[in-house]
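The structure appears below as structure tokens.
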């Protein structure tokens, strides 16, 4: 094994979620029909790392159940300003001994955390 390649993000409405993640700064990698009224939507962060796919077909992974994913930020203040400017609300910056954190919640309640060392 080498690395995490892909993280499944459970969503209700793939198109609404795709627009949210594009506003968050991710890029569309692919969007393809899978059959059975399912669509594969895969996005990536511009600077690399694991990619994400927007899923709505796992029974035991309901929309909004993803929590605890940490996104590395070089400048959390700038990232929050950009996100807010794109219509994405963020939580307040929490200063901890191990860095600054701020929460981002997608339309379904999936939680991401910005982290600046």
- Out of 35, 49, which single residue is out of contact with any strand residue (DSSP E or B) (no Cβ under 9 Å at 6 or more places or on another chain) and over 18 Å from residue 109 (Cα atoms)? 35
- Being out of contact with any strand residue (DSSP E or B) (no Cβ under 8 Å at 6 or more places or on another chain), more than 21 Å from residue 22 (Cβ to Cβ) and outside any loop (DSSP other than H, G, I, E, B) is the filter here, so list the residues in the range 59-117 that pass it. 77, 95, 96
- Do you know which residues across the range 17-39 are more than 13 Å from the chain's Cα centre (by Cα) and in contact (Cβ under 8 Å) with a residue 12 or more places away in the chain? 29, 30, 31, 38, 39
- Filtered residues of the range 82-93 (kept if free of Cβ contacts under 8 Å to residues at least 24 places away in the same chain and surrounded by 12 or more Cβ atoms within 10 Å (Cβ to Cβ)): 91, 93
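No lab work stands behind these numbers, since they all come straight from the coordinates. In this text the structure is predicted, and so the values were computed from the model without any measurement. Every residue, glycine among them, receives a Cβ derived from its backbone with ideal geometry; neighbour counts consider all protein chains shown.
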